[in-house]
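The values are calculated or read from the model by the stated rules, or taken from the named source; none is laboratory data. The shown structure was predicted, so the numbers you read here are calculated from the model rather than taken from an experiment. Cβ sites come from the backbone with ideal geometry, for glycine too, and all protein chains shown count toward neighbours. For accessibility, only protein heavy atoms count, side chains too; no ligands or nucleic acids. Shrake-Rupley method; radii C 1.70, N 1.55, O 1.52, S 1.80 Å.
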Amino acid sequence: MPLNLACKPAVLCTFLCLTVSILSVVKAEDPYRFFDWNVTYGFIYPLGVRQQGILINGQFPGPDIHSVTNDNLIINVYNSLDEPFLLSWNGIQQRRNSYEDGVFGTTCPIPPGKNFTYILQVKDQIGSFYYFPSLGFHKAAGGFGGIRILSRPRIPVPFDDPAGDYTILIGDWYMSNHTKLKAILDSGRKLPFPDGILINGRGRGGYSLTVEQGKTYRLRISNVGLQNSLNFRIQNHKMKLVEVEGTHTLQTTYSSLDVHVGQSYSVLFTADQPGQDYYIVVTSRFTAPGVLNTTGILHYSNSAGPVSGPFPGGPTTQIDWSLNQARSIRTNLTASGPRPNPQGSYHYGMINTTRTIIVANSAGQVNGKQRYGVNSVSFIAPDTPMKLADYFKIQGVFKENSISDRPYGGGLYLDTSVLTLPYRAFVEIVFQNNEDIVQSWHLDGYSFFVVGMDGGQWTTASRNQYNLRDGVSRCTIQVYPKAWTAIYIPLDNVGMWNLRTEFWARQYLGQQFYLRVYTDSTSLRDEYPIPKNALLCGRASGRHTRPL
């Protein structure tokens, strides 16, 4: 697919003003790609009913970002909404630069009628990701789009170039306005069951993909929804998994694929069936008795006729089926990643962990309202982003280690939860899910190694079943009901990083916290200074950034 190389005058002016700052933190030889985005409201009809959506340059979903490893992305975002707005970049690691992460703990919102230019570098990354609006409940109105990072031309990729490369954004959807959904949560109530599922912003039968018989295509599938795990399949076609959130995987073939909320997968499929139309099917998982479903159309260019009859069934509530599939997703140790060395050259299983953190999610009432938490703490946002408070040494915004590194069994309470960990530590995190629903967790700033998952309570003996050789490295992981998932993380990225549920109502109501990866060093090799164009809000308003 072609790269977006458009350079708008407004963005160029912004870029020139920022050149001095940029040149000190990125290599001059890495290419720049410029994007100029206007965020507006607009009417959309994804499920056949008019509702207000969030558009980027008039598009729903928003435009794809096409880039190559180490590219610098200069994204000027103008907020034409009537409320503050932020974009975050799910899976982009923001190396040494959490100021650009686009969540409230690190970045001040863009005020209505104002703009902000994100300066991102996709440093040492490849793969399939997406962006989304992170404030309030904007994600329920749109504003999301795909991100792809291609390998540099001389870096070998472990499969032939496909005939086409397509972004597929799937997710559950409400017909209610995002402000109404937010009001339900603010009143202390739970959201109702979603109204449907979208494929690239369209409901049943609205999305179609045309292919030529005999050719192979790549689909980059991301679950950008609000809460539900989804199963993706193509009638009569097999899918070969090749990449997960920046990691080339063993090329396992599946008839259908579970994509949990927040996750991204790349698959190859070959149009090797008789020339006609076939169903693309997406159904909800673990939601019985109610099951959401939608279909799109895979159209052969030589099709002899349309789809007919019922679409093919798939898994519904089978947890073991999904667990076994998840365990089968492993790293291709011989494939190159962003650099021309094998992905298996980093022997994570031979490194001793320096700390174990156990993360347990829970639900409950606080002051008579529904809340969610981690290790008994339900996160509340302060008046100033914690990263800015940390940089400017503003007291009273947050306390270090205001959340325990393991559950203690107490009731939920409100706090601005931050856990400080030392730079270059090698940490084991265990996600313990004692509830009856699938959880999905994402960590900004990092990819982590998935070493184990199983039912029941995690114990130290659970380490005996860890995969210490070819566990997949990714940034979003599921935890099954009454089960645990364990990950290893080398903490090599200084900053303030959001660890959150991707079940968005729970995230909004407190099931998140921040990892403060800290060093006393002030070297640019460890962390970049605050950007010159950083928005300053709350108690950081009016403060000046230090000179470079």
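Residue by residue through region 48-66, note down the ones that are free of Cβ contacts under 8 Å to residues at least 60 places away in the same chain and either small (Gly, Ala, Ser) or on the phi > 0 side of the Ramachandran plot (or both). Scanning region 48-66 gives 57, 58.
Okay, residues lined up against (1) open to solvent by less than 10 Å² (accessible area, probe 1.4 Å); (2) touching a residue at least 40 places away in the same chain (Cβ under 8 Å):
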position: 160; (1), (2): no, yes
position: 163; (1), (2): no, yes
position: 174; (1), (2): yes, yes
position: 184; (1), (2): no, no
position: 199; (1), (2): yes, yes
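Restricting region 525-548 to residues that are open to solvent by less than 80 Å² (accessible area, probe 1.4 Å) and over 18 Å from residue 101 (Cβ atoms), the residue that is modelled with the highest pLDDT is 541. A single member of 443, 468, 515 is closer than 30 Å to residue 336 by Cα and open to solvent by 10 Å² or more (accessible area, probe 1.4 Å), and it is 468. Cβ-Cβ contacts under 9 Å between residues 6 or more apart (or on different chains), taken from a first residue in region 291-304 that is farther than 10 Å from residue 211 by Cβ and assigned to a loop (DSSP other than H, G, I, E, B) to a second residue that is open to solvent by less than 30 Å² (accessible area, probe 1.4 Å) and among the aliphatic types (A, V, I, L, M), are listed as 292/197; 292/230; 292/282.
At least 1 residues being under 26 Å from residue 230 (Cβ atoms) is the threshold, and among the strands (runs of 3 or more DSSP E) wholly inside region 84-200 those reaching it are 87-90, 127-133, 145-150, 164-173, 196-199.
Among the residues in region 76-91, are any among the β-branched types (Val, Ile, Thr), at pLDDT 95 or above and crowded, with 22+ Cβ neighbours inside 10 Å? Taking every residue of region 76-91 in turn, none turns out to be among the β-branched types (Val, Ile, Thr), at pLDDT 95 or above and crowded, with 22+ Cβ neighbours inside 10 Å. Would it be correct to say that residue 429 is in a strand (DSSP E or B) and either open to solvent by less than 40 Å² (accessible area, probe 1.4 Å) or aliphatic (A, V, I, L, M) (or both)? So residue 429 passes the test. If you filter region 305-323 down to residues that are assigned to a helix (DSSP H, G or I) and under 22 Å from residue 236 (Cα atoms), you find that the one that is least open to solvent (accessible area, probe 1.4 Å) is 322.
Can you go through 53, 62, 42, 48 and tell me which one is at pLDDT 95 or above, among the small types (Gly, Ala, Ser), in contact with a strand residue (DSSP E or B) (Cβ under 7 Å, 6 or more places away or on another chain) and surrounded by fewer than 18 Cβ atoms within 10 Å (Cβ to Cβ)? Working first, answer last.
Numbers: 53 fails: surrounded by fewer than 18 Cβ atoms within 10 Å (Cβ to Cβ); 62 fails: surrounded by fewer than 18 Cβ atoms within 10 Å (Cβ to Cβ); 48 fails: in contact with a strand residue (DSSP E or B) (Cβ under 7 Å, 6 or more places away or on another chain).
Result of the check over 53, 62, 42, 48: 42.
The set of residues from region 453-462 being in a strand (DSSP E or B) and surrounded by fewer than 22 Cβ atoms within 10 Å (Cβ to Cβ) comprises 454, 455.
Please verify whether region 203-213 includes one or more residues that are of a type in the set (Ser, Thr, Tyr), under 19 Å from residue 227 (Cα atoms) and either open to solvent by less than 50 Å² (accessible area, probe 1.4 Å) or at pLDDT 95 or above (or both).
no
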